[in-house]
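The values are calculated or read from the model by the stated rules, or taken from the named source; none is laboratory data. Note that this is a predicted model, so its numbers are computed, not measured. Positions of Cβ are generated from backbone atoms using ideal geometry, with glycine treated the same way; all protein chains shown enter the neighbour counts.
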Amino acid sequence: MSHVRTKLMGKVIFNDPKIKWNRMTLHFFGKAGLNMDVPSSVLPVPSESGLGDDDLYQQNAMTHLETTVTLCEVEKELIFTGEKCIGFGLHLPHHLPPSIKTDHAFVEYYLVAIFSAGSFFKKYRIQRTVTVCRHYLPSASALIPSIEYNGVREWFEWNAEVPKATAMEAGEVVIAFRWSVEKEQVEVDRVELSLQQLENYRFNTKQGLHSLKPIVTSFPVTVYHPPTFSASSETHFIRTPLIPQVRTHHFDPFLEITHRLQLIVHFAAGYSASPMKLEFPIIITDLPVSADQALASPTSPFGPLSASSSTVSHVTSTLSPTHSTSLRRSTNLILPAGGDDPVAVDLDLPEYTPQYSEF
């Protein structure tokens, strides 16, 4: 599917037919940035300096990291035909990371239109914000595979089936957990399940690529109390909620966001067994929405716009020389893209990337 390319479709509407535009340029560009303070001790030490001679690495000094890189630049010329509406399409690179903004990093995309009517007219500039999204599930009815984990610790044997991915729209993560115990030796009192989010920041220096210690965010813990009488073959469905503060799986040049489930088994009082902690990786994603649904949301200042398919969104830029205040308004556009590998995702295709086997 590497030959599939994402295309941004749209149209430009001209309000004043008296102006004859002789040059119209569309410019789509994206950038990623990192802006954070980190302890100097985690930074690589230059080879020409010794640790004993540099107090910077001996004290709790902080170093400010700030950098921005260009992700893509796409330009296209439009020919003015005198019509009130001109449609356009921009072929975008298939490796674009999704849009995001955190406390320390961002990925942003913009679509800029520049119009010129001759040397005696000033140029008009319209800018719109484009939101690139990536989805790992095609729809709510998709069959999600699971990974089976199992293990034994002394007199406690366990088995867990964990889904490889869960959509935010589901509202919760559900795992199937089974165990078998020697009740004379140990007995399960309760099971705690929570979701953890890991923000992994990285940057490049002359010494190479360096990753910082992940920022771990723990979300609310749910407690499951097993029934008084339960057989070893009984399956216990343990749930934990997906709250709005959870970010979906993400990957860009400076930031990778992953998730894991933390399950803690607490044993009944009177037994010497200590709690057992288990961790399982999981992909948290969201479901794709059609262009009509995205642009008809209350956050869109232009109301609903038409789209030719569910794979791309349309942008409508309205140009009016008598209304200069409209030149800086921005609207969010949903543009589906591919997975972490350089493969585009087309929502009209039955196959989705990246495959679960790649994680």
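Observations on the model:
- Whenever a residue of region 59-78 is assigned by TED's automatic domain parsing to the domain that holds residue 115 and over 16 Å from residue 31 (Cα atoms), its partners that are among the aromatic types (Phe, Trp, Tyr) and in a strand (DSSP E or B), lying with C-beta atoms within less than 8 angstrom and at least six residues away or across chains, give the pairs 65/203; 76/88; 78/88.
- Those residues of region 213-242 which are assigned to a loop (DSSP other than H, G, I, E, B) and out of contact with any Leu (no Cβ under 9 Å at 6 or more places or on another chain), in sequence order: 213, 225, 226, 227, 228, 229, 230, 231, 232, 233, 234, 235
- Residues of region 161-197 that turn out to be closer than 17 Å to residue 222 by Cβ and touching a Gly at 6+ places or on another chain (Cβ under 9 Å), as a count: 0
- Scanning region 126-154 for residues that are surrounded by 15 or more Cβ atoms within 10 Å (Cβ to Cβ) and more than 19 Å from the chain's Cα centre (by Cα) yields a count of 4.
Results for (1) modelled with pLDDT of 90 or more; (2) in contact with a Lys or Arg (Cβ under 6 Å, 6 or more places away or on another chain), shown as yes or no for each residue.
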site	(1), (2)
160	yes, no
164	yes, no
172	yes, yes
212	no, no
225	yes, yes
235	yes, yes
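- Any chance residue 248 is part of a loop (DSSP other than H, G, I, E, B), among the β-branched types (Val, Ile, Thr) and either surrounded by 18 or more Cβ atoms within 10 Å (Cβ to Cβ) or not assigned by TED's automatic domain parsing to the domain that holds residue 201 (or both): yes
- Count of region 82-104 residues, restricted to those that are part of a loop (DSSP other than H, G, I, E, B) and among the small types (Gly, Ala, Ser), is 2.
- Taking every residue in region 17-39 that is on the phi < 0 side of the Ramachandran plot and pairing it with any residue that is of a type in the set (S, T, N, Q) and in a strand (DSSP E or B), at least 6 positions away or on another chain, the pairs with Cβ-Cβ distances below 6 Å are 23/116; 31/68; 31/70; 33/68; 34/67; 38/63.
- Selection status of residue 201, in contact (Cβ under 8 Å) with a residue 60 or more places away in the chain and of a type in the set (Phe, Trp, Tyr): yes
- Meets criteria (part of a strand (DSSP E or B), of a type in the set (A, V, I, L, M, F, W, C) and within 16 Å of residue 250 (Cα to Cα)) for residue 107: yes
- Boolean, residue 282 is under 25 Å from the mean Cα position of the chain (by Cα), of a type outside the set (Phe, Trp, Tyr) and part of a strand (DSSP E or B): yes
- Which listed residue is touching a residue at least 60 places away in the same chain (Cβ under 8 Å) and either touching a His at 6+ places or on another chain (Cβ under 6 Å) or farther than 27 Å from residue 195 by Cα (or both), from 140, 117: 117
- Qualifying residue in region 105-112 (condition: aromatic (Phe, Trp, Tyr) and either surrounded by fewer than 16 Cβ atoms within 10 Å (Cβ to Cβ) or outside the structural domain of residue 89 (by TED's automatic domain parsing) (or both)): yes
- Looking only at region 171-188, residues that are surrounded by fewer than 16 Cβ atoms within 10 Å (Cβ to Cβ) and in contact (Cβ under 8 Å) with a residue 12 or more places away in the chain come to 7 in all.
- The set of residues in region 89-99 being buried (at least 21 other Cβ atoms within 10 Å of the Cβ) and out of contact with any Cys (no Cβ under 8 Å at 6 or more places or on another chain) consists of 97 alone.
- Flag if residue 205 is farther than 30 Å from residue 287 by Cβ and surrounded by fewer than 18 Cβ atoms within 10 Å (Cβ to Cβ): yes
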